[in-house]
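The values are calculated or read from the model by the stated rules, or taken from the named source; none is laboratory data. This structure is a prediction, so every number in the text was calculated from the model and none was measured. Cβ placement follows ideal geometry from the backbone for every residue including glycine, while neighbour counts extend to all protein chains displayed. In case anyone asks, the SASA skips ligands and DNA or RNA and just uses the protein heavy atoms, side chains included. Shrake-Rupley method; radii C 1.70, N 1.55, O 1.52, S 1.80 Å.
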Number of protein chains: 2
Amino acid sequence: MSKIKPTEKSYHHDDLRGKLIDATRGMIREGGVEAVSLRKLADRVGVSRTAAYHYFKDKNVLLCTLAQEGFRIWQEELDNIFQDETKPPADRYRGYIRWYMTYAVENAEYYDLMFGRAIWKQNTATEGLKKTAYDVFQKQVTMTRQCQDQGFLPATEDSLRLAQVTWGTLHGLARLLIDGIYTDDSHMDEMCDCAANLLMR
Amino acid sequence: MSKIKPTEKSYHHDDLRGKLIDATRGMIREGGVEAVSLRKLADRVGVSRTAAYHYFKDKNVLLCTLAQEGFRIWQEELDNIFQDETKPPADRYRGYIRWYMTYAVENAEYYDLMFGRAIWKQNTATEGLKKTAYDVFQKQVTMTRQCQDQGFLPATEDSLRLAQVTWGTLHGLARLLIDGIYTDDSHMDEMCDCAANLLMR
DNA sequence: ATTGTAATTTGACAGTGTCAAGATTGGTTG
DNA sequence: CAACCAATCTTGACACTGTCAAATTACAAT
(Lines give C-alpha, C1' and ligand atoms only; values in the text may rest on other atoms or scores of the structure.)
Protein backbone atom coordinates (compact mmCIF):
# COMPACT_ATOMS: atom_id res chain seq x y z
CA MET A 1 0.00 0.00 0.00
CA SER A 2 2.10 2.84 -1.27
CA LYS A 3 -0.56 5.47 -1.89
CA ILE A 4 -1.23 8.09 0.74
CA LYS A 5 -4.23 10.30 0.28
CA PRO A 6 -2.87 13.82 -0.18
CA THR A 7 -5.75 15.21 1.84
CA GLU A 8 -4.70 13.16 4.85
CA LYS A 9 -2.15 14.63 7.16
CA SER A 10 1.39 14.43 5.88
CA TYR A 11 4.57 14.29 7.88
CA HIS A 12 6.07 17.70 7.28
CA HIS A 13 2.96 19.72 7.92
CA ASP A 14 -0.29 18.50 9.33
CA ASP A 15 -2.73 18.75 6.43
CA LEU A 16 -0.86 21.24 4.30
CA ARG A 17 -3.66 21.21 1.75
CA GLY A 18 -6.11 22.34 4.38
CA LYS A 19 -3.77 25.02 5.65
CA LEU A 20 -3.31 26.31 2.11
CA ILE A 21 -7.04 26.54 1.65
CA ASP A 22 -7.51 28.29 4.97
CA ALA A 23 -4.79 30.80 4.23
CA THR A 24 -6.17 31.46 0.76
CA ARG A 25 -9.60 32.06 2.22
CA GLY A 26 -8.02 34.59 4.55
CA MET A 27 -6.24 36.36 1.75
CA ILE A 28 -9.45 36.57 -0.26
CA ARG A 29 -11.38 38.04 2.65
CA GLU A 30 -8.67 40.59 3.25
CA GLY A 31 -7.80 41.75 -0.22
CA GLY A 32 -10.01 40.00 -2.73
CA VAL A 33 -9.19 37.51 -5.45
CA GLU A 34 -6.63 39.78 -7.05
CA ALA A 35 -4.67 39.87 -3.79
CA VAL A 36 -4.11 36.11 -3.86
CA SER A 37 -0.52 35.34 -4.71
CA LEU A 38 0.92 31.85 -4.53
CA ARG A 39 4.16 33.18 -3.15
CA LYS A 40 2.58 35.27 -0.42
CA LEU A 41 0.38 32.29 0.32
CA ALA A 42 3.46 30.10 0.71
CA ASP A 43 5.06 32.67 2.99
CA ARG A 44 1.96 32.81 5.13
CA VAL A 45 1.83 29.06 5.56
CA GLY A 46 5.58 28.91 6.04
CA VAL A 47 6.42 26.76 3.08
CA SER A 48 8.32 27.19 -0.16
CA ARG A 49 6.94 28.99 -3.21
CA THR A 50 5.93 25.96 -5.21
CA ALA A 51 4.70 23.70 -2.44
CA ALA A 52 1.07 24.35 -3.35
CA TYR A 53 1.60 22.82 -6.78
CA HIS A 54 1.50 19.37 -5.26
CA TYR A 55 -2.10 19.86 -4.22
CA PHE A 56 -3.41 22.19 -6.91
CA LYS A 57 -2.51 22.02 -10.57
CA ASP A 58 -2.26 25.78 -10.75
CA LYS A 59 -3.58 28.97 -9.22
CA ASN A 60 -6.86 28.67 -11.06
CA VAL A 61 -7.60 25.25 -9.59
CA LEU A 62 -6.88 26.57 -6.13
CA LEU A 63 -9.36 29.40 -6.62
CA CYS A 64 -11.94 27.04 -8.09
CA THR A 65 -11.62 24.85 -5.02
CA LEU A 66 -12.37 27.81 -2.78
CA ALA A 67 -15.28 28.89 -4.96
CA GLN A 68 -16.71 25.38 -4.92
CA GLU A 69 -16.60 25.39 -1.14
CA GLY A 70 -18.47 28.68 -1.26
CA PHE A 71 -21.21 27.19 -3.44
CA ARG A 72 -21.63 24.27 -1.09
CA ILE A 73 -22.24 26.62 1.83
CA TRP A 74 -24.48 28.76 -0.37
CA GLN A 75 -26.56 25.68 -1.14
CA GLU A 76 -27.00 24.96 2.56
CA GLU A 77 -28.09 28.52 3.32
CA LEU A 78 -30.58 28.34 0.49
CA ASP A 79 -32.03 25.14 1.89
CA ASN A 80 -32.33 26.63 5.35
CA ILE A 81 -34.18 29.67 4.08
CA PHE A 82 -36.70 27.78 2.00
CA GLN A 83 -37.31 25.05 4.53
CA ASP A 84 -38.21 27.48 7.29
CA GLU A 85 -41.83 26.54 7.92
CA THR A 86 -42.35 29.26 10.50
CA LYS A 87 -42.74 31.91 7.82
CA PRO A 88 -45.27 32.17 5.01
CA PRO A 89 -43.76 31.41 1.58
CA ALA A 90 -43.86 34.99 0.36
CA ASP A 91 -41.96 36.16 3.43
CA ARG A 92 -39.41 33.46 2.83
CA TYR A 93 -38.81 34.83 -0.65
CA ARG A 94 -38.43 38.35 0.68
CA GLY A 95 -36.06 36.97 3.27
CA TYR A 96 -34.11 35.28 0.51
CA ILE A 97 -33.66 38.55 -1.35
CA ARG A 98 -32.51 40.21 1.86
CA TRP A 99 -30.12 37.39 2.66
CA TYR A 100 -28.71 37.42 -0.86
CA MET A 101 -27.90 41.10 -0.84
CA THR A 102 -26.59 41.12 2.71
CA TYR A 103 -24.34 38.16 2.07
CA ALA A 104 -23.03 39.65 -1.14
CA VAL A 105 -22.18 42.96 0.51
CA GLU A 106 -20.75 41.52 3.71
CA ASN A 107 -18.69 38.88 1.92
CA ALA A 108 -18.01 40.99 -1.13
CA GLU A 109 -14.64 39.47 -1.89
CA TYR A 110 -15.90 35.96 -1.56
CA TYR A 111 -18.99 36.68 -3.61
CA ASP A 112 -16.72 38.16 -6.22
CA LEU A 113 -14.70 34.98 -6.33
CA MET A 114 -17.76 32.79 -6.71
CA PHE A 115 -19.63 34.80 -9.30
CA GLY A 116 -16.88 36.97 -10.68
CA ARG A 117 -15.00 36.83 -13.88
CA ALA A 118 -11.70 35.46 -12.61
CA ILE A 119 -13.09 31.95 -12.61
CA TRP A 120 -15.86 31.87 -15.19
CA LYS A 121 -14.28 33.63 -18.11
CA GLN A 122 -13.53 31.43 -21.08
CA ASN A 123 -14.26 28.10 -19.44
CA THR A 124 -11.52 28.06 -16.87
CA ALA A 125 -13.87 26.69 -14.23
CA THR A 126 -13.12 23.24 -12.87
CA GLU A 127 -15.59 20.47 -13.69
CA GLY A 128 -16.25 20.07 -9.98
CA LEU A 129 -16.99 23.74 -9.56
CA LYS A 130 -19.27 23.74 -12.59
CA LYS A 131 -21.25 20.86 -11.18
CA THR A 132 -21.64 22.31 -7.70
CA ALA A 133 -22.63 25.69 -9.10
CA TYR A 134 -25.08 24.05 -11.47
CA ASP A 135 -26.73 22.26 -8.55
CA VAL A 136 -27.27 25.59 -6.85
CA PHE A 137 -28.95 26.94 -9.94
CA GLN A 138 -31.13 23.85 -10.17
CA LYS A 139 -32.29 24.59 -6.66
CA GLN A 140 -33.05 28.14 -7.75
CA VAL A 141 -35.17 26.82 -10.60
CA THR A 142 -37.24 24.39 -8.52
CA MET A 143 -37.63 27.08 -5.90
CA THR A 144 -38.87 29.47 -8.57
CA ARG A 145 -41.40 26.93 -9.84
CA GLN A 146 -42.58 26.40 -6.30
CA CYS A 147 -43.09 30.13 -5.85
CA GLN A 148 -44.98 30.27 -9.12
CA ASP A 149 -47.26 27.49 -7.89
CA GLN A 150 -47.78 29.38 -4.66
CA GLY A 151 -48.86 32.36 -6.71
CA PHE A 152 -46.44 35.13 -5.93
CA LEU A 153 -44.21 34.76 -8.94
CA PRO A 154 -45.80 35.19 -12.40
CA ALA A 155 -47.05 31.79 -13.53
CA THR A 156 -47.05 32.76 -17.18
CA GLU A 157 -43.28 32.71 -17.49
CA ASP A 158 -41.15 29.66 -18.10
CA SER A 159 -39.62 28.62 -14.77
CA LEU A 160 -36.11 28.30 -16.08
CA ARG A 161 -36.19 31.67 -17.80
CA LEU A 162 -37.79 33.28 -14.78
CA ALA A 163 -35.16 31.79 -12.51
CA GLN A 164 -32.46 33.24 -14.74
CA VAL A 165 -34.01 36.68 -14.75
CA THR A 166 -34.79 36.87 -11.05
CA TRP A 167 -31.36 35.63 -10.19
CA GLY A 168 -29.91 38.03 -12.72
CA THR A 169 -31.69 40.87 -10.97
CA LEU A 170 -30.23 40.01 -7.60
CA HIS A 171 -26.83 39.41 -9.10
CA GLY A 172 -26.92 42.73 -10.88
CA LEU A 173 -27.93 44.65 -7.79
CA ALA A 174 -25.27 42.88 -5.77
CA ARG A 175 -22.65 43.82 -8.32
CA LEU A 176 -23.75 47.45 -8.32
CA LEU A 177 -23.48 47.55 -4.54
CA ILE A 178 -20.18 45.72 -4.35
CA ASP A 179 -18.46 47.66 -7.10
CA GLY A 180 -20.08 50.88 -5.97
CA ILE A 181 -21.41 51.76 -9.42
CA TYR A 182 -24.23 54.26 -9.17
CA THR A 183 -24.90 53.09 -5.62
CA ASP A 184 -23.71 52.55 -2.12
CA ASP A 185 -25.14 50.08 0.36
CA SER A 186 -26.78 52.70 2.54
CA HIS A 187 -30.05 52.19 0.64
CA MET A 188 -29.86 48.42 0.44
CA ASP A 189 -33.18 47.93 2.19
CA GLU A 190 -35.05 50.15 -0.24
CA MET A 191 -33.41 48.40 -3.14
CA CYS A 192 -34.43 45.01 -1.80
CA ASP A 193 -38.00 46.17 -1.37
CA CYS A 194 -38.08 47.68 -4.84
CA ALA A 195 -36.71 44.48 -6.34
CA ALA A 196 -39.24 42.40 -4.42
CA ASN A 197 -42.07 44.61 -5.67
CA LEU A 198 -40.92 44.21 -9.24
CA LEU A 199 -40.35 40.47 -9.14
CA MET A 200 -43.28 39.33 -6.99
CA ARG A 201 -47.00 39.73 -7.61
CA MET B 1 5.03 79.91 -25.41
CA SER B 2 6.83 76.83 -24.25
CA LYS B 3 3.88 74.53 -23.62
CA ILE B 4 2.87 72.00 -26.21
CA LYS B 5 -0.38 70.15 -25.71
CA PRO B 6 0.52 66.48 -25.31
CA THR B 7 -2.58 65.48 -27.22
CA GLU B 8 -1.38 67.36 -30.26
CA LYS B 9 0.88 65.56 -32.66
CA SER B 10 4.43 65.18 -31.44
CA TYR B 11 7.57 64.93 -33.50
CA HIS B 12 8.60 61.37 -32.95
CA HIS B 13 5.22 59.81 -33.53
CA ASP B 14 2.16 61.51 -34.81
CA ASP B 15 -0.24 61.56 -31.88
CA LEU B 16 1.30 58.82 -29.80
CA ARG B 17 -1.38 59.22 -27.19
CA GLY B 18 -4.05 58.46 -29.75
CA LYS B 19 -2.14 55.50 -31.09
CA LEU B 20 -1.77 54.12 -27.57
CA ILE B 21 -5.48 54.42 -27.01
CA ASP B 22 -6.29 52.78 -30.31
CA ALA B 23 -3.92 49.91 -29.67
CA THR B 24 -5.28 49.42 -26.17
CA ARG B 25 -8.81 49.32 -27.52
CA GLY B 26 -7.67 46.61 -29.92
CA MET B 27 -6.07 44.58 -27.18
CA ILE B 28 -9.21 44.81 -25.07
CA ARG B 29 -11.41 43.65 -27.93
CA GLU B 30 -9.09 40.75 -28.62
CA GLY B 31 -8.29 39.44 -25.17
CA GLY B 32 -10.17 41.48 -22.59
CA VAL B 33 -8.93 43.80 -19.89
CA GLU B 34 -6.67 41.19 -18.38
CA ALA B 35 -4.84 40.87 -21.70
CA VAL B 36 -3.76 44.49 -21.64
CA SER B 37 -0.07 44.74 -20.88
CA LEU B 38 1.83 47.99 -21.07
CA ARG B 39 4.82 46.23 -22.56
CA LYS B 40 2.88 44.40 -25.25
CA LEU B 41 1.11 47.67 -25.91
CA ALA B 42 4.45 49.41 -26.38
CA ASP B 43 5.59 46.64 -28.72
CA ARG B 44 2.44 46.97 -30.77
CA VAL B 45 2.84 50.71 -31.17
CA GLY B 46 6.55 50.35 -31.77
CA VAL B 47 7.76 52.33 -28.82
CA SER B 48 9.66 51.61 -25.66
CA ARG B 49 8.14 49.98 -22.58
CA THR B 50 7.63 53.09 -20.54
CA ALA B 51 6.64 55.55 -23.23
CA ALA B 52 3.00 55.40 -22.23
CA TYR B 53 3.83 56.80 -18.82
CA HIS B 54 4.17 60.20 -20.32
CA TYR B 55 0.50 60.26 -21.26
CA PHE B 56 -1.05 58.14 -18.52
CA LYS B 57 -0.03 58.15 -14.89
CA ASP B 58 -0.29 54.40 -14.72
CA LYS B 59 -2.09 51.45 -16.25
CA ASN B 60 -5.25 52.19 -14.32
CA VAL B 61 -5.54 55.70 -15.74
CA LEU B 62 -5.11 54.31 -19.24
CA LEU B 63 -7.95 51.85 -18.68
CA CYS B 64 -10.13 54.54 -17.14
CA THR B 65 -9.60 56.67 -20.22
CA LEU B 66 -10.81 53.86 -22.43
CA ALA B 67 -13.77 53.19 -20.18
CA GLN B 68 -14.71 56.85 -20.18
CA GLU B 69 -14.70 56.85 -23.96
CA GLY B 70 -17.02 53.86 -23.80
CA PHE B 71 -19.44 55.72 -21.55
CA ARG B 72 -19.52 58.68 -23.90
CA ILE B 73 -20.55 56.44 -26.78
CA TRP B 74 -22.99 54.64 -24.53
CA GLN B 75 -24.59 57.95 -23.70
CA GLU B 76 -25.04 58.75 -27.40
CA GLU B 77 -26.63 55.39 -28.13
CA LEU B 78 -29.00 55.89 -25.25
CA ASP B 79 -30.02 59.28 -26.61
CA ASN B 80 -30.60 57.83 -30.06
CA ILE B 81 -32.85 55.09 -28.75
CA PHE B 82 -35.03 57.30 -26.60
CA GLN B 83 -35.31 60.11 -29.11
CA ASP B 84 -36.60 57.83 -31.84
CA GLU B 85 -40.07 59.27 -32.40
CA THR B 86 -41.05 56.66 -34.97
CA LYS B 87 -41.74 54.08 -32.27
CA PRO B 88 -44.21 54.17 -29.39
CA PRO B 89 -42.49 54.70 -26.01
CA ALA B 90 -43.06 51.15 -24.78
CA ASP B 91 -41.43 49.75 -27.88
CA ARG B 92 -38.51 52.05 -27.34
CA TYR B 93 -38.02 50.61 -23.88
CA ARG B 94 -38.16 47.07 -25.23
CA GLY B 95 -35.70 48.13 -27.88
CA TYR B 96 -33.46 49.51 -25.16
CA ILE B 97 -33.44 46.20 -23.32
CA ARG B 98 -32.60 44.41 -26.55
CA TRP B 99 -29.87 46.87 -27.40
CA TYR B 100 -28.38 46.64 -23.94
CA MET B 101 -28.09 42.88 -23.98
CA THR B 102 -26.89 42.69 -27.56
CA TYR B 103 -24.25 45.32 -26.97
CA ALA B 104 -23.07 43.63 -23.79
CA VAL B 105 -22.73 40.26 -25.49
CA GLU B 106 -21.20 41.48 -28.72
CA ASN B 107 -18.75 43.80 -26.98
CA ALA B 108 -18.29 41.62 -23.96
CA GLU B 109 -14.71 42.64 -23.29
CA TYR B 110 -15.48 46.30 -23.59
CA TYR B 111 -18.58 46.00 -21.45
CA ASP B 112 -16.47 44.21 -18.91
CA LEU B 113 -14.02 47.07 -18.84
CA MET B 114 -16.73 49.67 -18.38
CA PHE B 115 -18.79 47.93 -15.75
CA GLY B 116 -16.33 45.37 -14.44
CA ARG B 117 -14.37 45.25 -11.28
CA ALA B 118 -10.95 46.14 -12.66
CA ILE B 119 -11.82 49.80 -12.61
CA TRP B 120 -14.47 50.27 -9.98
CA LYS B 121 -13.09 48.30 -7.08
CA GLN B 122 -11.96 50.37 -4.10
CA ASN B 123 -12.26 53.78 -5.73
CA THR B 124 -9.62 53.42 -8.39
CA ALA B 125 -11.82 55.13 -10.96
CA THR B 126 -10.64 58.44 -12.33
CA GLU B 127 -12.66 61.52 -11.45
CA GLY B 128 -13.39 62.04 -15.13
CA LEU B 129 -14.63 58.50 -15.53
CA LYS B 130 -16.81 58.81 -12.46
CA LYS B 131 -18.39 61.95 -13.80
CA THR B 132 -19.08 60.57 -17.29
CA ALA B 133 -20.51 57.37 -15.86
CA TYR B 134 -22.62 59.33 -13.44
CA ASP B 135 -24.09 61.35 -16.29
CA VAL B 136 -25.14 58.12 -17.98
CA PHE B 137 -26.91 57.03 -14.84
CA GLN B 138 -28.62 60.38 -14.57
CA LYS B 139 -29.97 59.83 -18.05
CA GLN B 140 -31.19 56.42 -16.94
CA VAL B 141 -33.05 58.02 -14.05
CA THR B 142 -34.80 60.73 -16.08
CA MET B 143 -35.65 58.11 -18.69
CA THR B 144 -37.13 55.92 -15.98
CA ARG B 145 -39.24 58.76 -14.65
CA GLN B 146 -40.43 59.48 -18.18
CA CYS B 147 -41.47 55.85 -18.59
CA GLN B 148 -43.28 55.97 -15.27
CA ASP B 149 -45.17 59.02 -16.45
CA GLN B 150 -46.05 57.23 -19.67
CA GLY B 151 -47.48 54.44 -17.60
CA PHE B 152 -45.48 51.35 -18.42
CA LEU B 153 -43.13 51.41 -15.47
CA PRO B 154 -44.67 51.20 -11.97
CA ALA B 155 -45.42 54.75 -10.81
CA THR B 156 -45.46 53.76 -7.15
CA GLU B 157 -41.72 53.29 -6.95
CA ASP B 158 -39.17 56.01 -6.39
CA SER B 159 -37.58 56.84 -9.75
CA LEU B 160 -34.03 56.66 -8.55
CA ARG B 161 -34.54 53.33 -6.82
CA LEU B 162 -36.41 51.96 -9.79
CA ALA B 163 -33.66 53.08 -12.13
CA GLN B 164 -31.15 51.28 -9.98
CA VAL B 165 -33.14 48.08 -9.92
CA THR B 166 -34.05 48.00 -13.59
CA TRP B 167 -30.51 48.76 -14.54
CA GLY B 168 -29.34 46.16 -12.05
CA THR B 169 -31.55 43.61 -13.75
CA LEU B 170 -30.06 44.27 -17.16
CA HIS B 171 -26.57 44.39 -15.75
CA GLY B 172 -27.07 41.11 -13.95
CA LEU B 173 -28.42 39.35 -17.03
CA ALA B 174 -25.60 40.73 -19.12
CA ARG B 175 -23.07 39.43 -16.63
CA LEU B 176 -24.67 36.00 -16.61
CA LEU B 177 -24.52 35.87 -20.38
CA ILE B 178 -21.00 37.22 -20.66
CA ASP B 179 -19.51 35.05 -17.96
CA GLY B 180 -21.58 32.07 -19.04
CA ILE B 181 -22.90 31.39 -15.55
CA TYR B 182 -26.05 29.29 -15.73
CA THR B 183 -26.65 30.55 -19.27
CA ASP B 184 -25.48 30.93 -22.80
CA ASP B 185 -26.62 33.60 -25.22
CA SER B 186 -28.69 31.26 -27.37
CA HIS B 187 -31.80 32.22 -25.38
CA MET B 188 -31.09 35.90 -25.19
CA ASP B 189 -34.35 36.85 -26.86
CA GLU B 190 -36.44 34.92 -24.39
CA MET B 191 -34.48 36.42 -21.51
CA CYS B 192 -35.07 39.92 -22.86
CA ASP B 193 -38.78 39.25 -23.18
CA CYS B 194 -38.98 37.78 -19.72
CA ALA B 195 -37.14 40.75 -18.25
CA ALA B 196 -39.42 43.15 -20.11
CA ASN B 197 -42.48 41.35 -18.78
CA LEU B 198 -41.19 41.59 -15.24
CA LEU B 199 -40.12 45.21 -15.36
CA MET B 200 -42.92 46.76 -17.43
CA ARG B 201 -46.62 46.83 -16.70
C1' DA C 1 20.29 -0.68 5.91
C1' DT C 2 18.66 0.08 1.47
C1' DT C 3 15.47 1.28 -1.68
C1' DG C 4 11.50 3.57 -3.40
C1' DT C 5 8.34 7.08 -3.52
C1' DA C 6 5.83 10.92 -2.11
C1' DA C 7 6.60 15.70 -0.32
C1' DT C 8 9.07 19.70 -0.49
C1' DT C 9 12.64 22.90 -1.92
C1' DT C 10 15.83 25.29 -5.01
C1' DG C 11 16.98 27.29 -9.36
C1' DA C 12 15.49 29.24 -13.34
C1' DC C 13 12.68 31.61 -16.90
C1' DA C 14 9.49 34.62 -18.84
C1' DG C 15 6.36 37.66 -17.72
C1' DT C 16 4.42 41.97 -15.28
C1' DG C 17 4.07 47.38 -13.55
C1' DT C 18 6.74 51.18 -12.37
C1' DC C 19 10.49 54.32 -10.90
C1' DA C 20 14.98 56.98 -11.73
C1' DA C 21 18.21 58.45 -14.66
C1' DG C 22 20.00 59.17 -19.15
C1' DA C 23 19.51 60.18 -24.29
C1' DT C 24 17.11 62.38 -28.06
C1' DT C 25 14.79 65.98 -30.47
C1' DG C 26 12.75 70.18 -32.10
C1' DG C 27 11.06 74.78 -31.07
C1' DT C 28 12.29 79.12 -28.79
C1' DT C 29 15.40 82.47 -27.72
C1' DG C 30 19.92 85.11 -27.34
C1' DC D 1 22.67 80.80 -36.64
C1' DA D 2 24.03 78.60 -32.39
C1' DA D 3 22.71 77.59 -27.71
C1' DC D 4 19.65 76.31 -24.66
C1' DC D 5 15.73 74.09 -22.76
C1' DA D 6 12.00 71.48 -21.96
C1' DA D 7 9.07 67.98 -23.71
C1' DT D 8 9.61 63.27 -25.34
C1' DC D 9 11.31 58.94 -25.45
C1' DT D 10 14.66 55.07 -24.08
C1' DT D 11 17.54 52.26 -21.00
C1' DG D 12 18.49 50.12 -16.74
C1' DA D 13 16.85 48.41 -12.69
C1' DC D 14 13.77 46.53 -8.98
C1' DA D 15 10.30 43.95 -7.02
C1' DC D 16 6.89 41.41 -8.00
C1' DT D 17 4.14 37.43 -10.39
C1' DG D 18 3.04 32.12 -12.07
C1' DT D 19 5.09 27.95 -13.32
C1' DC D 20 8.32 24.32 -14.89
C1' DA D 21 12.42 20.99 -14.18
C1' DA D 22 15.56 19.17 -11.42
C1' DA D 23 17.52 18.34 -6.93
C1' DT D 24 16.68 17.39 -2.16
C1' DT D 25 14.49 15.73 1.91
C1' DA D 26 11.86 12.45 4.75
C1' DC D 27 9.33 8.70 5.74
C1' DA D 28 7.48 3.53 4.72
C1' DA D 29 8.33 -0.88 3.28
C1' DT D 30 11.54 -4.40 2.15
Diffusion coefficient, µm² s⁻¹, Stokes-Einstein with Kirkwood Rh over alpha-carbon pairs of segment A:105-201 at 10 °C and 1.306 mPa s: 107
Equivalent ellipsoid semi-axes - Cα gyration tensor, segment A:12-55, angstrom: 17, 11, 8
Give me the distance between the Cα centres of segment A:30-86 and segment A:153-194, rounded to whole Å. 25
Mean Kyte hydropathy of -1.0 or more with a Cα span along the axis of at least 27 Å, helices from DSSP in chain B: B:59-82, B:159-179
List the accessible area buried at the contact between A and B, summed over both sides and calculated with a 1.4 Å probe, in Å² to the nearest 100. 3700
Work out the mean other chain Cβ neighbour count within 10 Å for the residues of A:117-128 and drop it here as an integer. 3
If the only charges are +1 at each Lys and Arg Cβ and -1 at each Asp and Glu Cβ, what is the size of the charge dipole of the protein assembly as shown around the Cα centre, to the nearest 20 debye? 1540
With +1 on each Lys and Arg Cβ and -1 on each Asp and Glu Cβ, and nothing else charged, work out how big the dipole of segment A:63-199 is about its Cα centre, in Debye to the nearest 20. 500
Measure of size requested: the Rg and Dmax of the protein assembly as shown, with Cα atoms as the atom set and Å as the unit; please supply both. 23.4, 84
Where does the charge balance sit around A:Arg49 when Lys and Arg score +1, Asp and Glu -1, over other residues with C-beta under 14 Å from its C-beta? +2
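Across the residues of B:149-161, average count of Cβ atoms on other protein chains within 10 Å? The partial results should precede the final answer.
On the way: counts 0, 0, 0, 0, 1, 3, 0, 2, 5, 3, 0, 5, 8.
Mean number of neighbouring Cβ atoms from other chains: 2.
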Inter-copy distances for A:Thr142, label 7 Å out on the Cα-Cβ vector, sorted ascending, nm, one decimal, are 5.0
Given the -39500 (n - 2.57) contribution per DSSP H run of 4+ residues, what per-residue ellipticity at 222 nm results for chain A, rounded to the nearest 500 deg cm²/dmol? -22000 deg cm²/dmol
Pairwise label distance in nanometres, B:Thr102 with A:Tyr134, each label 7 Å out on the Cα-Cβ vector: 3.1
Find which of B:Ala125, A:Thr86, A:Thr169 sits farthest along the positive direction of the dipole of the protein assembly as shown, computed with +1 on the beta-carbon of Lys and Arg, -1 on that of Asp and Glu, about the Cα centre. B:Ala125
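Could you work out the Kirkwood radius for chain B, taking every pair of different alpha carbons, averaging 1/r and inverting it, reported in Å?
Working: mean 1/r = 0.0534 Å⁻¹.
Taking every pair of different Cα atoms in chain B, averaging 1/r and inverting gives 18.7 Å.
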Using a Förster distance of 45 Å, the FRET efficiency for A:Thr142-A:Asp22 (Cβ separation, nearest 0.05): 0.85
